[in-house]
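What follows is a short report on a single structure.
The values are calculated or read from the model by the stated rules, or taken from the named source; none is laboratory data. Since we're looking at a predicted model, the values are computed, not measured. Ideal geometry is used to build each Cβ from the backbone, glycine not excepted, and the neighbour counts take in all protein chains shown.
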Amino acid sequence: MRIFLILSNYFKTSIRNIAKNKTFTFINVLGLAISISVGLVMITFISEINEYDNFHTKSDRTYRVLNTYQYMEEDPSYFASTSALAGRKIEESVPGIEALTLIRRNFGGDFGFDDHWIPLSGMWATEPFFDIFSFQMLKGNPATALKEPNTMVLTESAARKIFGDKDPLGKSILRNKDEEFTITGIVADPPKNSSLHFETIGSFATLDEKEKDNVRWMKWSNMWMFHVYLLLEENQTVEDVQAAFDQISAEENAKNEYTKITISLQALDNIIPGRNLSNEIGKSMDSDLLWMITALSFVVIISACFNYTNLSIARALRRSKEVGIRKVMGASRGQVFVQFILEAVIIALLSLMLAIGLFHFIKPGFLSLDTFVQDLVAMNITGNIAVKFVLLAVITGMMAGFFPAIFFSRLNPQAVLKDNSIKLFKNIGIRKLLIIFQFTLSLMFIVAATIQYNQYRYSLSFDLGYNTENILNLRLQGNEMEIVENELRQLPEVTTLSSSLMITSVGSYYGENLKYKDPQDSASCYFNTVDENYLPLHGHKFLAGGNFTQRADDSLKVQVIVNQKVLERFDMPKGEKAIGEILEFGDREAEVVGVLKDFHYGTLESDIKPFLFSYGKEEADYLNIKLVSGDMLATMDKIESIWKKIDPIHPIRATFYDDRIQDTYSELVVMVRIIGFLAFLAITIAVMGLLGMVMFTTETRLKEISIRKVLGASEGKLIVLIGRGFVWLLFISALVAIPATYYLFDTYVFDGITYRAPIGIMELFSGTALVFMIALLAVGTQTIMAARTNPATTLRNE
């Protein structure tokens, strides 16, 4: 009862102080509300991210097999995919594995029943898939649904699209009009927090039957399309399994002198968030990015806490009498400490109410940062998250009030009347140090956003070594290329057409082993399969030889055009002497018919490596359309009309090359937006705190200002007198922030980017100048008001 009365008294006193100091309360409530709203966004985002795959009942024992690929002494590359051979060897020879499923991408296609065709996305999987994952089987037997060849499972929504209200179990369905599958199961749609998403799953036994004579099917290096998930036995350790993995890797790598592929385990709950890997089969979220955003959000919250600390200590002279009287009346240090902590927590809880409103304002903008954010999370407030909101506010309040509580609990009123600043160093008080820290963070934010944006612009304007302007890449989606091509040629806006397997320079790769004369010396080589029109359309530069010559005889060697790096890698003859040389490209012989000047087929993060173009039309997945039009919107309408006539099932998937490249670097834009938004918040909070400090400083020095004015000081001199101290603090902040941000980006952020924009004067100082102008405006308005105060009004009561 006594504790309740004491706390009640503290609460009433806190409310009176909050109501009495309206300016102090307004600045702190608004500053804390802004920072807490960012915290609320992060709480909902992180909470949903950490719930990924937790609906699987055996998730704590479920792992994915990863591949680390290394050629000679080059830096290793990390893949979420592995080989089918790795899956088979693990299944056969590694003890302690309760279940293992082998998955392959790209089971999707057009599925039809009674001439009703629907495009679906999916994957192939072996029988134990449903033993490992807890996707709910609504109809059928999960133990045998994927056992037999040419069987498949549909999700509930996919079954409804094709069959409506009919029972699909046991019915036959066509895939891409030539493969018949029997439906053996209906599974509930994967929940949003699943890293694996599919509309259909085909039995892997179908592929085993089809590819049994393919020598590449079970090669150790055929690691681009397969994924292995396994379930460990109850008492099995990851270390024991990894030791067996190392033995398998060593045995297989001994067969190739130059290439090293090692397999390892990744826990299911470490996929999202997790490492940044190539060849992901489903959703992914880089844990480093998550930690960085979280850290930046925490910095914004700390900045608002510093405001509270600064303004609380600035009011020490006013509240010293209150504290002194409390101590005379018998209050202990602990009681005074609790009083000020409680006051800060109440202000933080008041801020939470405003922050929730700001959260609903910020949320749509955060979700629209990029499509991957919308795919990952919904950011709905649940009961559990609401509790976390309150905890965040309480913790923020305690953080904000901790130093003022320590300060006031140890306060000696007589000492405070002489000097209201605690000295940490010779002439730098704690308040000045906090202002420097706040503006240093604000400047680092805005300089970072400027540097990131400059890198984004640099990436878009970078010379790739070939032309991308006004080239539309149209996905064929299984349609006959000749039919689409012939229709498009009728348009006057279409000047040239070519075909390709993939789109280069957007982060997608097809790789294959390449050998020259030494059968033991192989290198990983990226490639694209194109027709004879592709290279002229894109303006690639030949150094030797010429373009492909169209051939009808499939028995002849495949024609390839290589870049300079291929010649360098294998020490081949240079220039025209390279023409006619024979390479072993996968399991085929390839004749070099041309040498291209090196170009950037990947993103700017990686260096140029061996690359070749092979000739072929049958593998084409895209049509590349060169357009000349004064009205691109009207032209696109014509192309879409042609597409609908040819393919009424699939919506058109066509993107201009430049737009596709822009999308490739969208992550940079996301970071610019996030850092820019946090910079805006940090600057707003810092300026509000600075404004509060100037108001309290001018208020406490009002008598001094009046006396100086009576003695003849001009308004200009008074403004300089009051404002110069704050200006120096800004200069010190800039001296710390600019070199620190430069070092951070030059050494860490851009460390893995081979081609990066130079960090110049404009990137470092343009944002700094903006912050200076805003801060000086805040200081200037208050000092002018103080300097223009009538001395008679101030001094008449003295």
Could you pull out the residue among R431, R410 that is surrounded by fewer than 21 Cβ atoms within 10 Å (Cβ to Cβ) and modelled with pLDDT under 75? R410
In the list E74, E92, E98, which residue meets the criterion of being more than 27 Å from the chain's Cα centre (by Cα), outside the structural domain of Q374 (by TED's automatic domain parsing) and free of Cβ contacts under 8 Å to residues at least 24 places away in the same chain? E92
Residues of the range 103-114 being touching a Phe, Trp or Tyr at 6+ places or on another chain (Cβ under 6 Å) and either at pLDDT 90 or above or buried (at least 21 other Cβ atoms within 10 Å of the Cβ) (or both), which ones? R104, F107
Any residue in the range 46-69 that is assigned by TED's automatic domain parsing to the domain that holds S194 sitting within a Cβ distance under 7 Å of a residue that is basic (K, R)? List the pairs, counting only those 6 or more apart or interchain. none
Qualifying position, being of a type outside the set (A, V, I, L, M), modelled with pLDDT of 90 or more and more than 22 Å from K609 (Cβ to Cβ), among N528, N547: N547
Strands (runs of 3 or more DSSP E) fully within the range 168-208 counting 1 or more residues that are within 20 Å of I281 (Cα to Cα): 179-187, 200-203
Being among the aliphatic types (A, V, I, L, M) and under 34 Å from the mean Cα position of the chain (by Cα) is the filter; apply it to the range 581-629 and report the residue that is farthest from Y466 (Cα to Cα). A620
Please enumerate the residues belonging to the range 79-91 that are closer than 15 Å to E252 by Cα and in a helix (DSSP H, G or I). A84, L85, A86, G87, R88, K89, I90
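Can you work out which of the residues in the range 214-272 that are in a helix (DSSP H, G or I) and either among the aliphatic types (A, V, I, L, M) or in contact with a Pro (Cβ under 6 Å, 6 or more places away or on another chain) (or both) is farthest from D60 (Cα to Cα)?
In this case the residue turns out to be A250.
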When residues of the range 115-137 are limited to those that are exposed (fewer than 15 other Cβ atoms within 10 Å of the Cβ) and either charged (D, E, K, R) or in a strand (DSSP E or B) (or both), the one modelled with the lowest pLDDT: D115
Whether any residue in the range 504-514 is farther than 30 Å from S77 by Cα, in contact with a Lys or Arg (Cβ under 6 Å, 6 or more places away or on another chain) and outside any strand (DSSP E or B) is what I want to check. no
Please go through the range 483-494 and pick out each residue that is surrounded by fewer than 16 Cβ atoms within 10 Å (Cβ to Cβ), of a type outside the set (K, R) and under 15 Å from N624 (Cβ atoms). L491
With assigned to a strand (DSSP E or B), at pLDDT 90 or above and either over 22 Å from the mean Cα position of the chain (by Cα) or surrounded by fewer than 18 Cβ atoms within 10 Å (Cβ to Cβ) (or both) as the only criterion, which of T68, T57 stands out? T68
In the set R457, R489, the lone residue that is in the same structural domain as E640 (by TED's automatic domain parsing) and either at pLDDT 90 or above or not hydroxyl-bearing (S, T, Y) (or both) is R489
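Results for (1) under 19 Å from F656 (Cα atoms); (2) in the same structural domain as K219 (by TED's automatic domain parsing); (3) over 35 Å from the mean Cα position of the chain (by Cα), shown as yes or no for each residue.
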{"site": "S498", "(1), (2), (3)": "yes, no, no"}
{"site": "M502", "(1), (2), (3)": "yes, no, no"}
{"site": "S508", "(1), (2), (3)": "yes, no, no"}
{"site": "L514", "(1), (2), (3)": "no, no, no"}
{"site": "N528", "(1), (2), (3)": "yes, no, no"}
{"site": "P536", "(1), (2), (3)": "yes, no, yes"}
{"site": "L543", "(1), (2), (3)": "no, no, yes"}
{"site": "Q559", "(1), (2), (3)": "no, no, yes"}
{"site": "F570", "(1), (2), (3)": "no, no, yes"}
Could you please find all residues in the range 139-154 being assigned to a strand (DSSP E or B) and either among the charged types (D, E, K, R) or closer than 23 Å to L231 by Cα (or both)? K139, G140, M152, V153
Please find, within the range 580-605, the residue that is nearest to W217 (Cα to Cα) out of those that are in contact (Cβ under 8 Å) with a residue 40 or more places away in the chain and not in a loop (DSSP other than H, G, I, E, B). F585
Subset of the range 284-311 (residues that are among the charged types (D, E, K, R) and surrounded by 18 or more Cβ atoms within 10 Å (Cβ to Cβ)): none
What pairs come out if I take residues in the range 131-155 that are closer than 14 Å to E209 by Cβ and in the same structural domain as P190 (by TED's automatic domain parsing) and pair them with residues that are in a loop (DSSP other than H, G, I, E, B) and among the polar types (S, T, N, Q) whose C-beta lies under 7 Å away, six or more apart or interchain? L146/T126
Out of all the residues in the range 783-794, is one or more in contact with a Ser or Thr (Cβ under 9 Å, 6 or more places away or on another chain), in a loop (DSSP other than H, G, I, E, B) and modelled with pLDDT under 85? yes
